[in-house]
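Every number here is computed from the coordinates shown, using simple stated rules; none is lab data. Just so we're clear, the structure is a prediction, and the values are computed from it rather than from any experiment. Positions of Cβ are generated from backbone atoms using ideal geometry, with glycine treated the same way; all protein chains shown enter the neighbour counts.
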């Protein structure tokens, strides 16, 4: 199975996300296109574009960047409740058609400012039941015609999406990525997702979750190709191991002093709590998984970092690959210089 290496594009209304140094015109089309073009030049497959109320609309940003690039694959984070499945399936199929099959989709079910955009289903059980329906309807609309579906949360009748998504390289439609560590989330992923994304947990935690998800998929009678797995993590890479750790400790100190702002959209969900709890096991886990950022305000992919030389970090990522991880979403700040550094130094070791 081929490996995929994505980056992260900071789709934020305010500058300075996780210490990024781009301030002037930080979220203009020119700046964001510069990220996407650099990703193409430096060996990346594409980038995750985050979602959340209070950010620029993720799908609009993804469409604009796809129009200005040739190979860049946007991993578009979207929320059921913000989107209706039929409208989303049509929009994504259209963009996939126009880009020759470059669309990737990340379904997000975690809490957000739901009331701000008129969503009322905040209960966890309802949210994940709705997500399951969203995934089922979207996949059927991408692969069938005259779809009729009556669920508790969504319904369509005689629905056909035109144009169709691009079918190539063994895929019938855009891959559906999904995150979440709660029991409800894992049941949805095991039955309906294409790729389960993990945060940067230690190897033993990831191995445990992969085994559990595979068992859940068998128990659910999964009807789709086998579930694949991905890792979303910060990778702090420098010329030497010593320099990497010195820079990592300096960055944590600046976070503690408030010089690096917290993510305003941070939500402490089950998966996030798992990461924050890791600090109790030690400041460094496995060989180079740094847990200290979580104690001073790091959130999401900023909670744990893989720290070291390109060789150190590549060795650690290959261990995740040995567990079954084939999709990697990496990042560090400042975003643009790190696209170049890690693309030129880390990716060749991983692809080789």
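The C-alpha atoms of the chain define a longest principal axis, and helix 335-345 lies at about 80 degrees to it. Note on Cα Rg over 2.2 N^0.38 Å: of the candidates [x] 1.04; [y] 1.13; [z] 0.95, the value calculated from this structure sits at [z].
DSSP beta bridges fully contained in the chain are about 20 percent antiparallel.
Spin-label pair residue 70-residue 351: with each label point 7 Å from Cα along the Cα-Cβ axis, the two points sit 1.4 nm from one another.
Nearest 10 degrees, 0 to 90: what angle lies between the long axis of helix 29-41 and the longest principal axis of the chain (Cα atoms)? For 29-41 against the chain, the angle is about 80 degrees.
Mean-square fluctuations from a GNM of the chain, with a 10 angstrom spring cutoff on Cα atoms, peak among 165, 202, 334 at 334. By the count of other C-beta atoms within 10 Å, a proxy for reagent exposure, 142, 245 are ordered fewest to most as 245, 142.
So how tilted is helix 241-256 from the main axis of the chain? Cα-based, degrees 0 to 90, rounded to 10. That helix lies at roughly 70 degrees to the long axis. Highest mobility in the GNM of the chain, judged by mean-square fluctuation with C-alpha springs under 10 Å and restricted to 296, 162, 24, is found for 24. Evaluate the distance, in nm, between pseudo-label points positioned 7 Å from the Cα of residue 212 and of residue 241 along their respective Cα→Cβ axes. That separation, rounded to one decimal, is 3.2 nm. Residue order for 186, 192, fewest other beta carbons within 10 angstrom first, comes to 186, 192. DSSP assigns beta bridges within region 103-217; of those with both partners inside it, close to 45 percent run antiparallel.
Here the spin labels are modelled as points 7 Å beyond Cα on the Cα-Cβ line, and at residue 2 and residue 53 they lie 3.9 nm apart.
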